[in-house]
Protein chains: 4
Amino acid sequence: MARFETLRTLRFGDCDPAGIAYFPSYFHFLNGVAEEWWDAIGFPWRLLFQERRIGLPTVKLDTQFLAPGFMGDSLHFSLEISALGSRSLTLEHEVMRDETVLWRATQVVVATSLDTHKSIAWPVDIHAALQSFQETPSHV
Amino acid sequence: MARFETLRTLRFGDCDPAGIAYFPSYFHFLNGVAEEWWDAIGFPWRLLFQERRIGLPTVKLDTQFLAPGFMGDSLHFSLEISALGSRSLTLEHEVMRDETVLWRATQVVVATSLDTHKSIAWPVDIHAALQSFQETPSHV
Amino acid sequence: MARFETLRTLRFGDCDPAGIAYFPSYFHFLNGVAEEWWDAIGFPWRLLFQERRIGLPTVKLDTQFLAPGFMGDSLHFSLEISALGSRSLTLEHEVMRDETVLWRATQVVVATSLDTHKSIAWPVDIHAALQSFQETPSHV
Amino acid sequence: MARFETLRTLRFGDCDPAGIAYFPSYFHFLNGVAEEWWDAIGFPWRLLFQERRIGLPTVKLDTQFLAPGFMGDSLHFSLEISALGSRSLTLEHEVMRDETVLWRATQVVVATSLDTHKSIAWPVDIHAALQSFQETPSHV
C-alpha cells in the first residue's frame, strides 16, 4: 500500500504554556498534510472546493497521543488509505520524531456536495486516483 | 452524574473556505471548555501548571462529527466524567446547536509532572474534586 | 462617540511556551470581537458574506503591545470608529486587564465584492448603521 | 543588508469563509518565519527560551495588506533587520506570491527576561549575531 510522507517543524506558536505541542495545533498540521497529499494525487483543494464544489468533511477522528512533541521538533507525517468506500475514505496517519511515534490518528472523510452539505459518491476520476494510490506498492 | 455546560459562538475565523467549522478549531474550543470546567471545580490552570507543575495532556481523543456547524452558530458544550482513574480521567463532550448534536468526543487526560512529563497519581485534593463532580447529581 | 465593549478570557491555548499570550491569537480574538460588533449593529457576517457577498478585508493594522497577557486573564475589549469613508472604515481597538492597557490596534477595513475582491462603496443601509454607531454618544 | 527568505504554502485551514487568507493566520506564519530565521543565525528558540530564559515579545507590529492570498498560494517570505538597538530589533517582513506583494509588516521585538518579563540588553553573542546578519551583503 502506498504511503504519503512529508515533514513539518513544530514551532513555538504550535506549543502551549506547558512547553509541549498544543493538540489542536496538531490537527491543523494533519489537515494541511492531507491537503498536500490531495495535491500530490492530482486534486488540489482549490479545484475540488471552488470549481467542483466537492467538500471533504471529517466525520470520525480517533487519535492516540503517545509521547509529547517539543518546540523545534521535526515531525515526520505519513498517511495511508486503510479503506476506500463509494462515498468515504479512511486514512491512517502516523507522526514520528526520529524513531519515536508521537501520535496516530484514524480519520474518516466523506465526499459531500458543498451546495447541499450531503454526501455524494466519489466522482469516477477521484475514486480512480484514490484506488491507484491505495494499490501502488509503497517504496518505503 | 454532574454535567458542566457552557456556550460558545462559532465565529467567521473558526470556519473554513467550505463555509463550515474547521475541525481543528473545534478542538481549540474543546480545550478552552475543559479549562473553564477546571476553573469551575476550583483548579484554574494557571495554578495547576505554573504553581503545582501538573500537566494534563490528552492521550486519547475519539471524535464523531455528525452535522456541520456554520458561521454564527451558537454552540452548547456539555462535559461529563465517564471514568476516573488514579492517574487519568475520561471526559465525554457533546456539542449541540439547538436540538442537533453536531459532534461528540471522548477524551482521556492523564496527570503528569511538567518537570518529567511522566504520569503521576492525582493529588488528593484534585482527585476529591473530580470525584465530587462525578457523583453530584446533575440538575439538568 | 459610541464604543462597543465585550469580554474574553485568555485561555491556555491562546498562550505560548513563554507563558504569555501568543500575539497571533490576539488577532483571532480581535477579529471575533469585530464580528460580534457587526452582529450588534445589525449585520451578522453570515448575512453579509453569504447573502450579500460583501467582504470586509483588513488593509492596514497597526498594533502596540504594551504589557503581557497571562493565561486566565479576563480581557476587556473596546472598539470605536475613528474614521468612516465611502468605502472604508477605521476602528480603534483597546484591550485592558483591569486598569492596565495590554494592547491597542488601529484597523482599516474596506468593503469589497466577494465575487471580484475589488473595493465597493458601502451599501446605503450599512453606511447609515456605521454612521449612527459613530455618532451615538457613548454611555461609557 | 542581509535578507532571510523562506517559503510557505497557504493552506485551506489558513483561509476563511470569504475564501482568502484569514489575517490572524498570516501572523502565525510570520512568527514561524521569524523563529526559522533565529534557527538560521544560530539561536533556536528552544535554547533561547528554555535554557537562557530570554523572551522576544513583539511590542509593535504595523501591517499593510495589499492583495488577497488564496488557498494553495505559494508565499515567499523575506525578512531584514531595519534597526538594531541595545534591547530591541526592528524587522521588515515582505510576503509575495510570484511578482505580487501580498503584505508587508514592520515588527519591533524586545529582549526580555522570561522570569521578570522586563526588557534586558541583548546578550553579547546574540547582539553580535544580529549585527553580523544586518551587515552581511545580501546575495539577493
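A short reminder: the numbers here are calculations on the coordinates, not readings from a lab. A quick note: this is a predicted structure, and the numbers were derived from the prediction, not measured. We place every Cβ from the backbone using ideal geometry, glycine too, and count neighbours over all the protein chains shown.
Which whole number gives the average, over all residues in A:49-62, of C-beta atoms from other chains lying within 10 Å of the residue C-beta? Don't jump to the answer; show the numbers that get you there.
Working: counts 9, 6, 0, 0, 1, 1, 6, 2, 8, 7, 7, 5, 10, 6.
That works out to 5 on average.
Would you mind counting up the charge near B:Leu48? Only other residues with Cβ under 12 Å from its Cβ, with Lys and Arg at +1 and Asp and Glu at -1. Could you put the intermediate results ahead of the total?
Working: positive: B:Arg46, B:Arg52, B:Arg53; negative: B:Glu35, B:Asp39, B:Glu51, B:Asp125.
In short, -1.
Against the empirical 2.2 N^0.38 Å scaling, what ratio does the C-alpha Rg of the stretch B:17-94 come to? Walk me through the numbers on the way to the answer.
Values: Rg = 14.5 Å, N = 78, 2.2 N^0.38 = 11.5 Å.
Against the empirical 2.2 N^0.38 Å value, I get 1.26 for the stretch B:17-94.
R0 = 22 Å: FRET efficiency of B:Ser88 with B:Glu135, Cβ-based, nearest 0.05? If you can, show how the numbers build up before the last one.
Details: r = 18 Å, r/R0 = 0.80.
E between B:Ser88 and B:Glu135, to the nearest 0.05, is 0.80.
Any idea what the relative contact order of the stretch B:1-96 is, in percent, if you count C-alpha pairs under 8 Å spaced at least 6 apart?
Working: 107 pairs, mean separation 39.0, N = 96.
Over the stretch B:1-96, the number comes to 41 percent.
Can you give the mean number of other chain Cβ atoms that lie within 10 Å of the Cβ atoms in peptide D:122-128?
Working: counts 0, 0, 0, 0, 0, 0, 0.
Neighbouring Cβ atoms belonging to other protein chains average 0 per residue here.
Could you identify which residue out of A:Thr90, A:Thr116, A:Thr106 has the top mean-square fluctuation in a GNM of chain A using Cα springs shorter than 10 Å?
A:Thr116
Could you give the dipole magnitude of the stretch B:10-53 about its Cα centre, charging the beta-carbon of Lys and Arg +1 and that of Asp and Glu -1, in debye to the nearest 20? If you can, show how the numbers build up before the last one.
Working: 4 positive and 6 negative charges, 34 e Å.
Using Cβ point charges on Lys, Arg, Asp and Glu, the stretch B:10-53 gives about 160 debye.
By how many degrees, 0 to 90 and rounded to 10, does the Cα axis of helix C:124-135 deviate from the longest principal axis of chain C?
Orientation of helix C:124-135: about 50 degrees from the principal axis.
Could you work out the local net charge near D:Thr100, counting Lys and Arg as +1, Asp and Glu as -1, over the other residues with Cβ closer than 13 Å to its Cβ?
Numbers: positive: D:Arg97, D:Arg104; negative: D:Asp73, D:Glu94, D:Asp98, D:Glu99.
Net local charge, D:Thr100 excluded: -2.
For C:Glu92, go 7 angstrom from Cα along the Cα-to-Cβ vector, then report the distances to that same point in the other copies in nm, smallest first.
Label-point separations across copies, in nm and ascending: 3.0, 5.2, 6.0.
Please report Rg (one decimal) and Dmax (integer) in Å for the Cα set of the protein assembly as shown.
Using the Cα atoms of the protein assembly as shown, the pair Rg, Dmax is 23.6, 71 Å.
Can you count the Lys pairs in the protein assembly as shown whose Cα atoms are under 17 Å apart, with each pair 8 or more apart or on different chains?
Values: A:Lys60/A:Lys118; A:Lys60/B:Lys60; B:Lys60/B:Lys118; C:Lys60/C:Lys118; C:Lys60/D:Lys60; D:Lys60/D:Lys118.
The result is 6.
If you count, for every residue in D:28-39, the Cβ atoms of partner chains within 10 Å of its Cβ, what is the mean?
Details: counts 11, 3, 3, 7, 6, 1, 3, 6, 2, 0, 1, 2.
Neighbouring Cβ atoms belonging to other protein chains average 4 per residue here.
Find, to one decimal place in angstroms, the Kirkwood hydrodynamic radius of the stretch A:59-140, where the mean of 1/r is taken over every pair of different Cα atoms and then inverted.
Values: mean 1/r = 0.0689 Å⁻¹.
After inverting the mean inverse Cα-Cα distance, the result is 14.5 Å.
Tell me the distances, shortest first, between D:Pro137 and the same position across the other copies, using label points 7 Å along Cα→Cβ, in nm to one decimal.
Relative to the other copies, D:Pro137 has label-point distances of 5.4, 6.7, 8.4 nm.
In what sequence, highest mean first, do A:124-135, D:3-14 appear when ranked by Cβ atoms within 10 angstrom? Before the final figure, lay out each step's value.
Numbers: A:124-135: 14.2, D:3-14: 18.6.
Peptide ranking by packing, descending: D:3-14, A:124-135.
Along Cα→Cβ at 7 Å, what distances in nm separate the B:Val124 label point from those on the other copies, shortest first?
5.3, 7.3, 7.5
Once the other residues with Cβ under 12 Å from the Cβ of B:Asn31 are scored (Lys, Arg +1; Asp, Glu -1), what is the net sum?
On the way: positive: B:Arg8, C:Arg11; negative: A:Asp16, B:Glu35, B:Glu36, C:Asp14.
Summing Lys/Arg as +1 and Asp/Glu as -1 gives -2.
Rounded to the nearest angstrom and ordered from largest down, what semi-axes does the equivalent ellipsoid of chain D get from its C-alpha gyration tensor (root of 5λ)?
Values: eigenvalues 155, 59, 33 Å².
Each semi-axis is the square root of five times an eigenvalue, giving 28, 17, 13 Å.
Arrange the peptides B:63-69, A:81-87, A:48-54 so that the one whose residues have, on average, the most other Cβ atoms within 10 Å appears first.
Numbers: B:63-69: 19.0, A:81-87: 13.6, A:48-54: 16.7.
Per-residue Cβ counts within 10 Å, averaged per peptide and sorted highest first, yield B:63-69, A:48-54, A:81-87.
Taking the axis that carries chain B onto chain C, what is the nearest Cβ in chain B, and at how many Å, to the whole number?
Closest Cβ on chain B to the axis mapping it onto C, in Å: B:His28, 5.
Take the alpha-carbon centre of the stretch C:1-52, take the same for the stretch A:67-137, and report the distance between them in whole Å.
Here the two parts' Cα centres lie 32 Å apart.
Could you tell me which residue out of D:Phe133, D:Tyr22, D:Gln107 lies farthest along the dipole of chain D toward its positive end? Charges go on the beta carbon: Lys and Arg +1, Asp and Glu -1, centred on the Cα centre.
D:Gln107
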